[in-house]
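Comments concern the structure below.
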Amino acid sequence: MGGSSMKKEYKLLALDMDGTLLTSDHIISPVTSTWIQKAKERGVHVCLSTGRSFESALPYGEELGLLTPMITVNGSEVWRAPHDLLERSLMEPKLISDMHAIALKEDCWFWAYSTERVYNKDHWVEALEGKEWLKFGFHTEDDEARHRILMQLQDMGGLEITNSSPHNLEVNPQGINKAAGIRKVCDLLGLDMSEVIAVGDSMNDLAAIQAAGLGVAMGNAQQVVREAADFVTASNDEDGIAKVIEKFICV
């Protein structure tokens, strides 16, 4: 390891899923899967870091054979390992109710994650109390409507507002994001944020990309995410993650 003093050794690879780990067809390509196994063989912890629920993320973790920590619902849940919950950050039912009212007024698609399931415009629940709420989301192709929603959310205060695509808004409790989740995972594993590579494509990846030792934007990432990154890799349909592992881990 003659050059190891020159070469940064990364110990944790935190991967967003949609638009990053997964292709447009929502699969993990064989090439990316192979390189993830190579990273694991190097002793690197591979951590899924997603806006998805645990149930929705888990099959992909199982496909990759990951027994490592997971960050789900944009950081509202941090798992020591699959099915082993470390920490959960909940939203007040009143906030969910207020956001539901905004979504109805703007007549847009919306969804909300409770700890048990996902509710949405087609399947809503009237009794919000007594459920544990994690996240609320809005989706609209109407830029003006989305801007009005954003303004109202900012006025409410106490919220962490990001997106997972250019047409949506995702809302978590203030201070809850993937960067905070990755810090908790680092504490668990005895690592420093400087030893982390964080990869993503959307606004919900921005804090993590800025906080990590190496922040990587996918080739398909939103412009503001690309600008904040230390490195821009290929797109999610061109094995962008495989190229990151090849360039920064398996060298």
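The values are calculated or read from the model by the stated rules, or taken from the named source; none is laboratory data. Since we're looking at a predicted model, the values are computed, not measured. All Cβ positions, glycine included, derive from the backbone under ideal geometry; neighbour counts span all protein chains shown. For accessibility, only protein heavy atoms count, side chains too; no ligands or nucleic acids. Shrake-Rupley method; radii C 1.70, N 1.55, O 1.52, S 1.80 Å.
Observations on the model:
- Here the chain is assigned +1 on the Cβ of each Lys and Arg and -1 on the Cβ of each Asp and Glu. Its dipole about the Cα centre then comes out at about 840 debye.
- Surface share of carbon and sulfur [accessible, 1.4 angstrom probe, percent] for the range 1-119: 54 percent
- The equivalent ellipsoid of the range 110-156 has semi-axes of 23, 13, 8 Å, largest first, where each one is the square root of 5 times an eigenvalue of the Cα gyration tensor.
- Accessible area in the full protein assembly, largest first, 1.4 Å probe, for E77, E132, E238: E238, E132, E77
- With Cα atoms, 0 to 90° folded angle of helix 93-106 axis to the chain main axis: 80 degrees
- Solvent exposure of the range 86-169 as accessible area per residue, Å², 1.4 Å probe: 53 Å²
- Alpha-carbon Rg with Dmax, taken over the chain, Å: 18.0, 63
- Note on E129 and A101: the model spin-label points, each 7 Å out from Cα along the C-beta direction, lie 1.6 nm apart.
- Positive-end extreme of charge dipole, the chain - chosen from M156, G75, G51 (charges on Cβ): G75
- Take every Cα pair under 8 Å whose residues are at least 6 apart in sequence, average their separation, divide by the length of the chain, and the relative contact order is 21 percent.
- Tilt relative to the chain, helix 30-41 - C-alpha long axis, 0 to 90 degrees, to 10: 70 degrees
- Sorting the segments 16-29, 110-123 by their residues' average number of neighbouring beta-carbon atoms within 10 angstrom, most packed first, yields 16-29, 110-123.
- Using alpha-carbon coordinates, inclination of helix 178-189 to the longest axis of the chain, degrees: 50 degrees
- Share of carbon and sulfur in the accessible heavy-atom surface of the range 158-203 [1.4 Å probe, %]: 48 percent
- Estimated inter-spin distance, K94 and L150, nm [label 7 Å along Cα→Cβ]: 2.7 nm
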